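The values are calculated or read from the model by the stated rules, or taken from the named source; none is laboratory data. Quantities reported herein were computed from a predicted structural model and do not represent experimental measurements. In this analysis, Cβ positions are derived from the backbone assuming ideal geometry, glycine residues included, and neighbour counts consider all displayed protein chains. Only protein heavy atoms, including side chains, enter the accessible area calculation; ligands, DNA and RNA are left aside. Shrake-Rupley method; radii C 1.70, N 1.55, O 1.52, S 1.80 Å.
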Amino acid sequence: MGGKFYRGGIDAGGTTFKCGVADEEGVLVQQCRVRVTSPTETISQCLEFFRPLYESERLRSFGIASFGPIDVDLSSPDYGTILSTPKPAWSHTNLRAAFEKTIGLPVAVDVDVNGALLAERTLGAAKGTKSAVYVTVGTGIGASIFANGSFLGRPVHPEFGHIPLRRNEQDKSFDCLCPFHSDCLEGMISAKAVGARVGEPSLLTEDDPVWEIAADYLAQACRSLYLTARPERIILGGGLLLAPHLIGRIRHAFYDQMGGYLSMGWDATVDLITTPDLGDNAGLMGAILLGKVGRSQHFALLA
């Protein structure tokens, strides 16, 4: 990559850590995926990817947008530490400290959906909005809510994946996968939950009945978000949304659930609920932006 300077970041998901490098213009020039195993093995493989840049001192900044729950309180001594999680061996792993020790740069850390929303408000589908939500629907489910100049929930972050749902009539017998709740969004309709019902989601046909269940549950989530925070845009990303027909089903289900309340018409529904302009790179670009603007400044960048 020549003698230029670069910015690094990691979209630390539940299944893979996506590592990336951007040039000073913000163009992604290199990336790779590292499968999540143990913390030691996963972090070591990520560091190996960035090694040529930090050893040559061509790495200018570094950010991590991570799965949660994670300590994102800038004043906390445990800032950047993953909290209690069902992911084996990952509880109490301090991602910030692990990378700072080797890379030799300050590492900015936030939850993955905040990183994705930062990127979409800076570069993508929520650019120019004053309020927006990003929901990721993958191995787990999380949401970032931005309004009134800041992320909701500071100095912690929302755990939107654990809101309760009204059971779909065709889904009464499914055992929620969440070890804490019997009816939460993540346990009922994450990609993992869909897989538990019918197998690998990417192999399903468009007419599989599970898509109507998914649309109902995700529309309920959008309805809760819209009626609570009244955002200008709700962006739905993550692996499950790679099924291109799902966004249309969710819009229709949301429109029906709203029942004309607040004069929510079809055109307004389409404008409200959308997919990320940055696609699968939203989280990664958010991580790189977190590093670029620094720990304390990424809130100001969004305002």
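If a residue has to be farther than 26 Å from SER202 by Cα and either open to solvent by less than 10 Å² (accessible area, probe 1.4 Å) or in a helix (DSSP H, G or I) (or both) to count, how many in the stretch 232-242 make the cut?
So the answer is 0.
Looking at (1) out of contact with any Phe, Trp or Tyr (no Cβ under 8 Å at 6 or more places or on another chain); (2) open to solvent by 30 Å² or more (accessible area, probe 1.4 Å); (3) small (Gly, Ala, Ser); (4) farther than 16 Å from GLY161 by Cα, can you tell me which one GLY80 breaks?
Every condition holds for GLY80 apart from (2).
If the requirement is being under 22 Å from the mean Cα position of the chain (by Cα) and among the small types (Gly, Ala, Ser), which of these qualifies: SER56, SER66?
Testing whether each residue is under 22 Å from the mean Cα position of the chain (by Cα) and among the small types (Gly, Ala, Ser) leaves just SER66.
Quick one: which of LEU105, LEU83, LEU74, LEU118 is under 30 Å from LEU218 (Cβ atoms), in contact (Cβ under 8 Å) with a residue 40 or more places away in the chain and hydrophobic (A, V, I, L, M, F, W, C)?
LEU118
Cβ-Cβ under 6 Å, sequence separation 6+ or interchain: first residue in the stretch 159-172 and farther than 15 Å from VAL194 by Cα and in a loop (DSSP other than H, G, I, E, B), partner open to solvent by 40 Å² or more (accessible area, probe 1.4 Å) and not basic (Lys, Arg). Which pairs?
LEU165/ASP183
Can you tell me which of (1) more than 28 Å from SER150 (Cα to Cα); (2) without any contact (Cβ under 8 Å) to a residue 60 or more places away in the chain; (3) within 18 Å of the chain's Cα centre (by Cα); (4) in a loop (DSSP other than H, G, I, E, B) is the one ARG33 doesn't meet?
Just one mismatch for ARG33, condition (4).
Can you give me the number of residues within the stretch 125-143 that are β-branched (Val, Ile, Thr) and not in a strand (DSSP E or B)?
The number of residues fulfilling the criteria is 2.
In the list ALA215, ALA221, which residue meets the criterion of being under 17 Å from VAL133 (Cα atoms), aliphatic (A, V, I, L, M), at pLDDT 95 or above and open to solvent by less than 20 Å² (accessible area, probe 1.4 Å)?
None of the other options fit; the residue is ALA221.
Take the conditions in a loop (DSSP other than H, G, I, E, B) and of a type outside the set (Phe, Trp, Tyr) and apply them to THR42. Does it pass?
Criteria not met by THR42.
For the subset of the stretch 74-116 comprising residues that are aliphatic (A, V, I, L, M) and more than 18 Å from the chain's Cα centre (by Cα), which member is nearest to GLY286 (Cα to Cα)?
VAL107
Looking only at the stretch 170-201, which residues are open to solvent by 80 Å² or more (accessible area, probe 1.4 Å), under 19 Å from the mean Cα position of the chain (by Cα) and among the small types (Gly, Ala, Ser)?
Within the stretch 170-201, no residue meets the criteria.
Among what's in the stretch 49-71 and is over 12 Å from ARG7 (Cα atoms) and of a type in the set (D, E, K, R), pick the residue that is least open to solvent (accessible area, probe 1.4 Å).
Applying the filter and picking the extreme gives ASP71.
All but one of (1) in a loop (DSSP other than H, G, I, E, B); (2) under 26 Å from GLY283 (Cα atoms); (3) open to solvent by 30 Å² or more (accessible area, probe 1.4 Å) hold for THR228; which doesn't?
(1)
Cβ-Cβ under 7 Å, sequence separation 6+ or interchain: first residue in the stretch 200-216 and closer than 22 Å to GLU169 by Cβ, partner of a type in the set (S, T, N, Q) and open to solvent by 90 Å² or more (accessible area, probe 1.4 Å). Which pairs?
Within 7 Å, the pairs are PRO209/GLN170; ILE213/GLN170.
Between residues in the stretch 242-266 that are without any contact (Cβ under 8 Å) to a residue 40 or more places away in the chain and residues that are in a loop (DSSP other than H, G, I, E, B) and not charged (D, E, K, R), which pairs lie under 8 Å by C-beta distance while being six or more apart or on different chains?
The qualifying pairs are ILE247/THR275; TYR255/MET264; MET258/MET264.
Any idea which of (1) within 30 Å of PHE160 (Cα to Cα); (2) in contact with a strand residue (DSSP E or B) (Cβ under 6 Å, 6 or more places away or on another chain) is the one LEU59 doesn't satisfy?
Tallying (1) within 30 Å of PHE160 (Cα to Cα); (2) in contact with a strand residue (DSSP E or B) (Cβ under 6 Å, 6 or more places away or on another chain), LEU59 fails exactly one: (1).
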